[in-house]
Structures are given as structure tokens and as C-alpha cells.
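**Student:** The structure under discussion is supplied below as C-alpha cells; questions concerning it will follow.
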Amino acid sequence: MHICLLPLDILLDIFETIYDPIQRRDSLATIAALARTCKEFKEPALDSLWRDIYSFKPLILCLPEGVRGITPQGQLTLKRPLFSGEWKIFNSYACRIRSLFIYHRPLDEIDGQAMKVLVSAPSPTLLPNLHNLQWWNERDSCLPLLQALLVSTIRTLMLFRSPRAGYPSFAKSALLASLAARCPHIEEFVCPYSRDSNEHSDSVSESVCGWSKLFSIEAGVLSTRALTHLTSLPSLKFLAFMSCGFVNSTQFNSIPTFTSKLIKVSITAPSLPILILRNVYFASCQSLVLCLDDPNSVLSHPLDISDLIVSLSECFSSDLEKLAVEITCLGSLSTGNLADPHSMLNFDAVNPLLSFNCLQTVNLSCFCASAIDDATINMMAQSWPQLQQLYLGSGARWPTPPSLTFTGLVHLIRHCHQLHDIAIPFCASLIDNESEPFSKTIPNVNITHIYVVNCPIDAAIVAAVACQLHTLLPNLTNMRHHFPWDDAHPPQELEHAVEWGRVEEFLGVLVKCTKMKERQVHILQECSSSAIYDPRRDRQDSLATLAALARTCKKFKEPALNILWKDVHGFGPLVLCLPEGVREITEQGQLTLTRPLFSEEWKIFNSYACRIRSLLIDNAMNETVCYWSKLIHLKTGVLNTQALAHLASSPSLKSLDFMSSVYFITCRSIVLSVYDLDSLLSRLLDIPDLFVSFAECFSSTLEQFAVHFPGLGHLSIEKLAGPPFMLSFDAVAPLLSFSCLKKIDLGDFCTSAIDDAMIKTMAQSWPRLKEFSLGCRACWQIPPSLTFTGLVHLIRHCQDLREIAIRFRASVIIRDSEPFSKTIPNVKITDIYVGNPPIDAGIAAAVACQLHTLLPNLTSVDCFPWMVLHLPPDFEDFKVEWERVEEFLGVLVEGAKMRETQGQVLQECSLPD
């Protein structure tokens, strides 16, 4: 074994790293296998394996099979009492346990007989080294087992989690009263059990008074004596308890004062007023949470909000950072129950809190904030400049409309620069952008969503509101306008939700446009800086100098090579050092190896690789491209300005496939692939703007033009029912100036609006066309306007055509009419793609004859090349007819070949001997 694995601490750290609480079973299996590997691993691995357990089942399963068994109910049982040898086996594992978590089900895994045996253990404690015990089982029958687990080593104790599990029993109260004697060193205690029993409260308070090292406590009702004891503990940081009326009997001269700095205080009470707030003072506290957990009491007794907030200001110091008041199940109350004016939050109620200038989180969402106006919110924002989260009146559907307007929201953003979460009802309104406070408010980039529940908005100002919100909150994209706990919405609220949904849509567009502009500015800055200073050229010059020094003399060679190869960008330099017979450049412009490396070639590779101390792979393609001076073909992802500038100066470059936005003085081919189909389906694609941008970015020497939407052919017919991909003549018009085009692929657009006259103009503009794909790569439901005559125009004017994929309406035309009669047949085309074009029943033969006249070698007509599970009935009929057309074409071509052969034979026979 390696010497580093001998120290026990290292092994424990390794096993602790292996343990994964998410995949607990797999990690424990790995640790168990390590325990069986060698003697040095056994003890530390077993300690890690048994450190945390969730039931007594693992301990019982370690006993011999003759001792344990399974009852008919599937529970583990012990057939007889354990003997000394069996207790030794049990204790060898029990002494390793540090944490035990017992919920309801784990104790159901063992029967009563096994539990009696565990309680009767010969040692004083069942788990002698237990540090953390969480016992959530409420049954009194299990209390003897709990008693056997309570040892002096316990630091964290959590008991009887549910505060509504029923009336506390005498046995539980007796056990709770003895906790301090059994576990004197408790640091974290949780027992929020029952508020209705003085006996239980006295028992918990008795134990609390016996602990002097408490760090965190969450309990039920605590007596004045217990609270007074807690005030004397400098170690206490977290305090949570319940308040009841009898605490009010405390005399003024005996008010408990917490002098230590508490991180969080949480007080739960059945109703307001919370009487404990008149009898306790907290000299320093970061966070306060008040919870009213009896909604019925809240409804039956009017809330005195002013009295509550006054008592808060008297009981807590001004360094409070978080304040939250919660009312359980408030969101589920009816509108009628929420109409009580006593639950209204106004300026007089909030005024005592204005002195708390360190507040970072204020949660008063359980109170109606309809009386809070712009002036009040302005004072609140000025008093709480460090505010990060603000929730006012957002916890219920209050019937009273808000007084706060958009101006109040501006005040809040102006004075609270650290805000990142807002939930406050306001009335959406328009304000003058040039007036204060809007004009002098710094935008907040931290906020990405706001809650607008109960916020009225007029449909006529949706766009203006979105613009104002975007000006104040540039990254805002989400308007949360529904209650997450309620599916029922009044009609007026649904109308507001629709309008806020429109605001959200506008915001999404605005944010996306802003990011595009920022990207454009970044590129322009990058271009301007690169024109002044080129760090890559400086680096190349220095590397060339080092290479020259390495060849100067032997003494310079090794140190110069070490510096030369210390920092390498990409693997290109290493590959270029190999012999030319081993490496080459692929058609895609990538370095490749023609065969595996032999030993001598590996020596060359390693002689340089061993010198490398820093390898930069990030943006490696851009860096590697800059080293290639004779590139012919390149296909890659995003290229930066530096790489593009290098490629622009390369005379050998013929083919370039990448993603960017620049101008190309001369280029033969452009292929644009758009992968975000969800975005295209959710909002109309601006095809004319797309093609105009192409016309502006490329010169008229372009020979190939293609736009692809990968995966479009696999979309369902329902998703293709609308016109988001509709291609019109106005959209195609900017491309007509590209007279050198030889290949056009617009197969992913819906070309139902293209008619015969338009296709004629396109064909006359692109006389060199060889491959043409138009609207046939998806199952469009809109019928085409193009007829057979348009296909004739295309064949007549583009005599070099060899591939056609175009969707047209099959029809019968007069052969002697133009343009059919003056069209020279095209013998290059052997198959065409027609997509899903309509064809009437009974004309298959006539259509086949017309096609054969124009395209004598045509034998294949491909349609419906998509994975569509259920085609509409009429599409099925079209498919049958086109199959008949293809069948007729096969016969016609075969017949023509036979006639041609026959003519040749007859000609040979007619020749003289």
C-alpha cells in the first residue's frame, strides 16, 4: 500500500468523499467492498459505512440467521434473547453509529419482540457514541426504545416533529422532563410538539433550563423561566418557539433580554396580538419570522396590524435585516373573508418600521396593501436602501384595488439598487419618460421576474407598459400573474392575466433585441481594437524569434525550445511537427493523421509534448484556423473576428461553413441552418427581412443559396397548419439579382403563394440553375398555387436543371399551347420530388404523359417522404394517384427505350453491306 494511504485521517476523507447521500445505496456498496479489501481499509471503511443509519434493520440483519427471522407480516423479529457473543456482534457495529434517523416506517420493520430485546441490552446505552438523533415516531409503545438511545454524547436531538399529532401523553412529558439529565450537552434541539398542554410546556422548559451550550432551538410554548435562561446563553443563534396568552403575566421588571446576536428568531402564535412581543426584548437579531397558524382565529378576531408593528419596533433593535409575517392558508380564503378593513396595511401601520434601515427582506404579503400609495412606497424605499426582497399584499386575492401606480414602482427601483425580487400590487399606468423619478432612475439588472397578482392593466397600454418596464428592468422577462395555489380565477383577473401575458411576450422580444445589439457593439469594439493592436501577431513574432534562437547553437536549443513550447494553443502545433507523410488536411480543413504513429514518430511527438506546461483548448478552433494559410474548405461553428479576418485574407479558401454576420465580397455558396424550431413556431418568421439581409451581405456572384430548418419534415401536420414559413414573391424578389445561382434550396418554406407567373420570373432570373428545391420538405396543408404550367416554365428557361423538388398542382394542359409547345425536353432529370401536391382522380395517365414529354428519362416521382403517422384522407388519395403516375412513367420510359433500340436496329438493318 502506498504510504499516503496509511494515515487514518486520509482514509476517512477518501471514504467520506465516496459517500453520496443522493445515491446512498450505491456508495454504501462501494464502501462495503472497500472494507473487505484489506485490513488497513476495514476499520475506517466500517466507520464510514455505519456512521449514519435510518433504522434498526441493518443491526438486526448482522446477527446470525438462527437468531433472527421474519414474521408473517413481513417484520424482522428475534426468535430468542441475545447471548453475550451475539451482543458482541451487535455492539461491534452499534458503537460506530453517529447519527440515527427514525421516522414512522422504520420502526414498522421490526416487531414488538425485537424491540423488547433491544431495550433489554446489557450495556447501559444501546448506541454509546450517538451524536445525532432524529426521532419522529409518535407512538408511546416505542418510548422505552427511545429512552435506551438517549446518551450523554448526543449533540443534536429532534423529537416528535408534528405539532398536531394529538394531545401529548404523560409518558412523553415525563421523558421530555428528563432530557437534560440524560443528554446534558445538547447543542441543537427540535421539539415543536403541542401548544395546548401546560404539562408538556413545563417539561420542555425544564429540560431547556438544563442546557448551557444550545446553538439552535425549535420548541413549542416556553415558560418565562426558560426564556430567561436562553437569554444567558452566548452560544444561541437560532430561536423558534410558540406564544400563548399566559406569558403576558410576566412583570415589566423581569422582561427577558437577549443580548447575544441571534441569526434568526421565529415565533408562532394562534392569533394576533402576539403577547410575547410585549415581554421579550432582542438586543440584536438578523431575522424575524412571525407565523399565525390559526386562520379561523384570524377570521374571528380582527387584526390589529398597527399594534403588531409597534410591538415589533419596541422588541427588536434597528439592525434587523429580515422581517416576515405569515398567516397559514391565507391564500385559500374566500374574497368575502378578505374584505375586513382591519387587515389593511397603511402608512400609519408601516411608519414604526421605517427606523429599521438595515432591512434587506420585508415580507408583509399576508396584509392587504391597497392603501399603500406612491408617496408611502417612496418613504419606505428611502428608509430601506439595502432592500433586496419586498413582498407587500401578494399573498391573497384582495378585493380592494391597489392605490400604488407605476410611479411608486419607479421610486422603489430608484432608491433600492440591490432589489432582486418584487411582489407588490400596482396599477399599470403610463408616465412621462422625461419626468422625475423615471428620468433619473438607474435601471436594475438584477430583477428577471416580478409578481403582478391583482395588478389592473388596460389593453390599450400593454406595449407602452412593456417598454417602460424594460427601461427600468432590462432583464425582466417573466410576469408572474397567477396564484400558484389556486386554479380558480375571476373573469376580471383572467382578463388582466391575458394582458400581462402580452406584456411578457413584448418583454421577451425587447430583451432578445437588446442582447443582439449588445453583441453587435461587442463585435464592432473587437473589430476596432484588432485594427489598432494584434496580440496574435506579436505572439507569432516572439515565437519566430525563439525558434530562430533554438537553431542558432546547441546551448540555446534546449532553453529556447522549453520557452517556445511552454504555452500551446490547441493540438495543431504538435501535429504539425510530425512528418508530412503522416499528417494531412481533410476536405473540411481539419488536421488529420493518415495512419497510427510508429515508435519513432511518437518520440518526435513526446520530445515536444514533454515541454508543454500550459495547454489552451478554449476557443481552440479560432486559434487553430489562424495558423492555416492554405485552407481550401472549412466547416466549423462560431468564428471570432480574428479568425474571420485571417480567412478573409486567404486566397486559397473556396468553401466556408460557419455561423456569423459579415459581408462577403465574393462567395460561391451560402448555407443557413436554423435549429430553434420552437421559436419559429411561436412567432412569425420575417422571411422578406431574412432574404434582404442575404442580398445585402453577399455579392451577385453567389452560385449556391440554401436555408435549412433541420427536423421540419418530422413535425406534425397540426404544427404546420399555420403560415409561419410562408414564402411569397416579395420575399424572393431580393434574390432575383443573383443571376449566377446554380443551386437553390428553399425546400423548408411553404411556397403555396408562389404561382406560375412568379416561377417564370424566377426561372428567367436564374438561367444557370442546376438544382432547385422549393417547398417540398414538409407536409404543408395549404394547397399550392403553382400548376403544371409553372413547372413547364422552369424546364424551358433552366436548361441545365438536373434535380427538381417542387410542389405543384397536377393539371392537364393543352400540348399545342405555350409554353409547353416550345419547351425543349430535359433528358438530365430522372426523378423529381413533389411533396404532397394535389392531383385529381382519373388524370394520372394524362399527367404521366405530360411529364414524360417534358422529361423523357423521368422514372421516379417521390412524395410524402416524412415520418407522418396519420395522413389526412385526401393526402392518402393523392399518394395513390402519384403512385399510379410513377407506374405509368415507368411504362412510358421503358417503352421509349424499346422504341429507341428498335430504331437503332432498323437503322443498322437498312445500312448497305
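The values are calculated or read from the model by the stated rules, or taken from the named source; none is laboratory data. Not measured: the values here are computed from a predicted model. Here the Cβ positions follow ideal geometry from the backbone for every residue, glycine too, while neighbour counts run over all protein chains shown. Ligands, DNA and RNA are excluded from the accessible area calculation, which covers all protein heavy atoms including side chains. Shrake-Rupley method; radii C 1.70, N 1.55, O 1.52, S 1.80 Å.
**Student:** I'm trying to understand the selection: among the residues of the stretch 292-304, which are modelled with pLDDT of 65 or more and farther than 25 Å from Ile263 by Cα?
**Tutor:** Within the stretch 292-304, Asp294, Asp304 meet the criteria.
**Student:** Can you name the condition, by its number, that Pro399 falls short on among (1) open to solvent by 30 Å² or more (accessible area, probe 1.4 Å); (2) free of Cβ contacts under 8 Å to residues at least 60 places away in the same chain?
**Tutor:** Status for Pro399: all satisfied but (2).
Residues checked against (1) of a type in the set (Phe, Trp, Tyr); (2) under 25 Å from His420 (Cβ atoms); (3) modelled with pLDDT under 70:
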site: Val452; (1), (2), (3): no, yes, no
site: Ala460; (1), (2), (3): no, no, no
site: Gln468; (1), (2), (3): no, yes, no
site: Asp486; (1), (2), (3): no, no, yes
site: Leu494; (1), (2), (3): no, no, no
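**Student:** Okay, next question. Checking Thr448 against (1) at pLDDT 80 or above; (2) open to solvent by less than 30 Å² (accessible area, probe 1.4 Å), which single condition isn't satisfied?
**Tutor:** (2)
**Student:** Which residues, taken from the stretch 744-772, are closer than 21 Å to Ser700 by Cβ and either open to solvent by 10 Å² or more (accessible area, probe 1.4 Å) or of a type in the set (Asp, Glu) (or both)?
**Tutor:** Asp745, Met758, Lys760, Thr761, Gln764, Ser765, Pro767, Arg768, Lys770, Glu771
**Student:** Do we find a residue being under 18 Å from Arg668 (Cβ atoms) and open to solvent by less than 10 Å² (accessible area, probe 1.4 Å) anywhere in the stretch 779-802?
**Tutor:** Checking the stretch 779-802: not a single residue is under 18 Å from Arg668 (Cβ atoms) and open to solvent by less than 10 Å² (accessible area, probe 1.4 Å).
**Student:** Count, please, the residues in the stretch 37-59 that happen to be buried (at least 18 other Cβ atoms within 10 Å of the Cβ) and assigned to a helix (DSSP H, G or I).
**Tutor:** So the count comes out to 8.
**Student:** Pick from the stretch 196-220 the residues that are surrounded by fewer than 21 Cβ atoms within 10 Å (Cβ to Cβ), touching a Pro at 6+ places or on another chain (Cβ under 8 Å) and in a loop (DSSP other than H, G, I, E, B): which of them is modelled with the lowest pLDDT?
**Tutor:** Ser197
**Student:** For the list (1) assigned to a loop (DSSP other than H, G, I, E, B); (2) modelled with pLDDT of 65 or more, I need the number of the one condition that Val289 fails.
**Tutor:** Unmet condition: (1).
**Student:** Would you point out the residue of the stretch 428-441, among those that are without any contact (Cβ under 8 Å) to a residue 12 or more places away in the chain and part of a loop (DSSP other than H, G, I, E, B), that is least open to solvent (accessible area, probe 1.4 Å)?
**Tutor:** If we take residues in the stretch 428-441 being without any contact (Cβ under 8 Å) to a residue 12 or more places away in the chain and part of a loop (DSSP other than H, G, I, E, B), then Ser435 is least open to solvent (accessible area, probe 1.4 Å).
**Student:** Would you say Leu130 is part of a loop (DSSP other than H, G, I, E, B), open to solvent by less than 30 Å² (accessible area, probe 1.4 Å) and at pLDDT 90 or above?
**Tutor:** Answer is yes for this residue.
**Student:** So, one more: Kindly check whether there is at least one residue in the stretch 238-247 that is within 17 Å of Ile154 (Cα to Cα) and modelled with pLDDT of 90 or more.
**Tutor:** No, because not a single residue in the stretch 238-247 is within 17 Å of Ile154 (Cα to Cα) and modelled with pLDDT of 90 or more.
**Student:** So, one more: Could you grab the pairs with beta carbons closer than 6 Å, sequence gap of 6+ or different chains, first residue in the stretch 826-840 and within 23 Å of Ala778 (Cβ to Cβ) and touching a residue at least 60 places away in the same chain (Cβ under 8 Å), second one part of a strand (DSSP E or B) and open to solvent by less than 60 Å² (accessible area, probe 1.4 Å)?
**Tutor:** Sorted first by the residue in the stretch 826-840, then by its partner, the pairs are Tyr833/Ala805; Tyr833/Asp862.
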